[in-house]
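Following: one structure in C-alpha coordinates, then a few remarks.
The values are calculated or read from the model by the stated rules, or taken from the named source; none is laboratory data. These figures come from a predicted structure and were not determined experimentally. Here the Cβ positions follow ideal geometry from the backbone for every residue, glycine too, while neighbour counts run over all protein chains shown. Accessible surface areas use protein heavy atoms only, side chains included; no ligands, DNA or RNA. Shrake-Rupley method; radii C 1.70, N 1.55, O 1.52, S 1.80 Å.
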Amino acid sequence: MKRGKPLMIVSDNGTEFTSHAILKWTETTCLEWHFIAPGKPQQNGYVESFNGRLRDECLNETLFTSLAQAREIVAAWQHDYNTVRPHSQLGGNTPDQIARQRSWGHAPRSVAITSPSAHNRRELSF
(Lines give C-alpha, C1' and ligand atoms only; values in the text may rest on other atoms or scores of the structure.)
Protein backbone atom coordinates (compact mmCIF):
# COMPACT_ATOMS: atom_id res chain seq x y z
CA MET A 1 0.00 0.00 0.00
CA LYS A 2 1.27 3.46 -0.86
CA ARG A 3 2.18 5.82 1.93
CA GLY A 4 0.21 9.00 2.22
CA LYS A 5 -3.25 9.81 3.46
CA PRO A 6 -4.60 6.78 5.34
CA LEU A 7 -7.75 5.16 4.07
CA MET A 8 -10.75 5.28 6.37
CA ILE A 9 -13.70 2.98 6.97
CA VAL A 10 -16.78 4.44 8.66
CA SER A 11 -19.19 2.13 10.44
CA ASP A 12 -21.65 2.06 13.25
CA ASN A 13 -20.43 1.11 16.69
CA GLY A 14 -21.73 -2.47 16.58
CA THR A 15 -20.07 -5.17 18.65
CA GLU A 16 -18.98 -6.98 15.49
CA PHE A 17 -16.57 -4.12 14.81
CA THR A 18 -14.80 -4.25 18.16
CA SER A 19 -13.29 -7.71 17.86
CA HIS A 20 -9.55 -8.20 18.19
CA ALA A 21 -9.37 -9.63 14.65
CA ILE A 22 -10.87 -6.49 13.10
CA LEU A 23 -8.69 -4.18 15.18
CA LYS A 24 -5.57 -6.14 14.25
CA TRP A 25 -6.58 -6.14 10.57
CA THR A 26 -6.94 -2.34 10.56
CA GLU A 27 -3.48 -2.01 12.07
CA THR A 28 -1.80 -4.35 9.58
CA THR A 29 -3.51 -2.74 6.58
CA CYS A 30 -2.91 0.85 7.75
CA LEU A 31 -6.63 1.59 7.67
CA GLU A 32 -8.23 4.12 9.94
CA TRP A 33 -11.53 3.03 11.48
CA HIS A 34 -14.07 5.67 12.47
CA PHE A 35 -17.00 4.58 14.58
CA ILE A 36 -20.34 6.39 14.46
CA ALA A 37 -21.20 7.32 18.02
CA PRO A 38 -24.33 5.64 19.40
CA GLY A 39 -27.31 7.96 19.05
CA LYS A 40 -25.52 10.23 16.53
CA PRO A 41 -26.96 9.34 13.10
CA GLN A 42 -25.94 12.76 11.76
CA GLN A 43 -22.36 11.47 11.72
CA ASN A 44 -23.38 9.18 8.86
CA GLY A 45 -25.66 11.52 6.92
CA TYR A 46 -25.48 9.90 3.48
CA VAL A 47 -26.54 6.47 4.72
CA GLU A 48 -29.17 7.88 7.06
CA SER A 49 -30.63 9.92 4.18
CA PHE A 50 -30.79 6.85 1.94
CA ASN A 51 -32.28 4.68 4.71
CA GLY A 52 -34.94 7.34 5.34
CA ARG A 53 -35.90 7.44 1.67
CA LEU A 54 -36.09 3.66 1.43
CA ARG A 55 -38.19 3.49 4.59
CA ASP A 56 -40.55 6.37 3.65
CA GLU A 57 -40.98 5.62 -0.05
CA CYS A 58 -41.02 1.83 -0.02
CA LEU A 59 -41.01 -0.04 3.27
CA ASN A 60 -43.65 2.04 5.09
CA GLU A 61 -45.92 2.03 2.03
CA THR A 62 -46.20 -1.73 1.64
CA LEU A 63 -47.59 -4.56 3.71
CA PHE A 64 -45.42 -7.45 2.57
CA THR A 65 -47.13 -10.83 2.48
CA SER A 66 -44.09 -12.91 1.55
CA LEU A 67 -40.32 -12.71 1.24
CA ALA A 68 -40.66 -13.10 -2.53
CA GLN A 69 -43.02 -10.12 -2.70
CA ALA A 70 -40.68 -8.04 -0.52
CA ARG A 71 -37.73 -8.85 -2.78
CA GLU A 72 -39.73 -7.94 -5.89
CA ILE A 73 -40.96 -4.60 -4.51
CA VAL A 74 -37.57 -3.59 -3.09
CA ALA A 75 -35.88 -4.53 -6.39
CA ALA A 76 -38.38 -2.35 -8.30
CA TRP A 77 -37.73 0.56 -5.91
CA GLN A 78 -33.97 0.05 -6.28
CA HIS A 79 -34.26 0.09 -10.07
CA ASP A 80 -36.27 3.32 -9.94
CA TYR A 81 -33.85 4.92 -7.45
CA ASN A 82 -30.74 4.01 -9.46
CA THR A 83 -31.87 4.29 -13.08
CA VAL A 84 -35.01 6.43 -13.40
CA ARG A 85 -35.08 9.29 -10.92
CA PRO A 86 -32.58 12.14 -11.14
CA HIS A 87 -30.64 13.08 -8.01
CA SER A 88 -29.93 16.73 -7.26
CA GLN A 89 -26.61 15.86 -5.62
CA LEU A 90 -25.56 14.21 -8.89
CA GLY A 91 -26.34 17.26 -11.00
CA GLY A 92 -29.71 15.92 -12.13
CA ASN A 93 -28.24 12.59 -13.23
CA THR A 94 -29.16 9.13 -12.04
CA PRO A 95 -26.61 6.98 -10.19
CA ASP A 96 -26.60 4.69 -13.23
CA GLN A 97 -25.62 7.58 -15.52
CA ILE A 98 -22.79 8.55 -13.18
CA ALA A 99 -21.55 4.95 -12.99
CA ARG A 100 -21.51 4.75 -16.80
CA GLN A 101 -19.28 7.84 -16.89
CA ARG A 102 -16.74 5.92 -14.77
CA SER A 103 -16.89 8.61 -12.14
CA TRP A 104 -16.44 6.53 -9.02
CA GLY A 105 -17.07 9.18 -6.40
CA HIS A 106 -14.50 10.66 -4.09
CA ALA A 107 -12.32 7.61 -3.48
CA PRO A 108 -9.22 7.66 -5.70
CA ARG A 109 -9.37 3.88 -6.13
CA SER A 110 -11.26 0.90 -4.85
CA VAL A 111 -10.59 0.21 -1.19
CA ALA A 112 -12.71 -2.92 -0.95
CA ILE A 113 -11.32 -6.38 -1.50
CA THR A 114 -13.45 -8.16 -4.06
CA SER A 115 -15.00 -11.39 -2.91
CA PRO A 116 -15.01 -14.71 -4.75
CA SER A 117 -17.81 -15.03 -7.29
CA ALA A 118 -19.41 -17.83 -5.25
CA HIS A 119 -19.93 -15.35 -2.42
CA ASN A 120 -21.84 -13.01 -4.73
CA ARG A 121 -24.34 -15.75 -5.60
CA ARG A 122 -25.28 -16.50 -2.00
CA GLU A 123 -28.68 -15.32 -0.86
CA LEU A 124 -29.01 -13.56 2.45
CA SER A 125 -31.21 -15.22 5.01
CA PHE A 126 -32.84 -13.24 7.76
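Before moving on, here are some points about what is shown:
- Looking only at residues in region 16-57 that are touching a strand residue (DSSP E or B) at 6+ places or on another chain (Cβ under 7 Å) and part of a helix (DSSP H, G or I), the one that is modelled with the lowest pLDDT is Phe17.
- Taking region 58-75 as the range and being in a loop (DSSP other than H, G, I, E, B) and open to solvent by 100 Å² or more (accessible area, probe 1.4 Å) as the test, the residues that pass are Leu63, Thr65.
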